[in-house]
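Right, one structure below, let's go through it.
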Amino acid sequence: MVALGAAGCASDRHAQAALRAQARTSQMQAEQTALTHAPGGTIKQSELENDNGKLIWWFDIVTPGSKTVTEVSVDAMTGGVISVATETGE
């Protein structure tokens, strides 16, 4: 069972590496773009995924002293912001 879990993790890393190889916008560039929509924030979580044929960087950004999470998606090909949403945390 452990071997299956390890294989799954290696497969996920391989899939992420393949997606990163296709992206024209690096994670660092996308992070900088996303952070302009949450000044003073820190990226809590990030992910690159293929969403219906479109490569998208997703970021969850938290701001100190706030209970909100700003979710920003950035087009991994153009570097443009696709969406910005705010969720209230607990």
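The values are calculated or read from the model by the stated rules, or taken from the named source; none is laboratory data. Just so we're clear, the structure is a prediction, and the values are computed from it rather than from any experiment. Quick reminder, even Gly has a Cβ in these numbers, built from the backbone with ideal geometry, and neighbours come from all protein chains shown.
Here are some notes:
- Matching residues in segment 54-90 - criterion: being surrounded by 19 or more Cβ atoms within 10 Å (Cβ to Cβ) and assigned to a loop (DSSP other than H, G, I, E, B): 76
- All positions within segment 47-90 that are among the small types (Gly, Ala, Ser) and at pLDDT below 95: 53, 65, 66, 89
- Selection over segment 37-79 of residues that are touching a residue at least 40 places away in the same chain (Cβ under 8 Å) and under 20 Å from residue 21 (Cα atoms) gives a count of 6.
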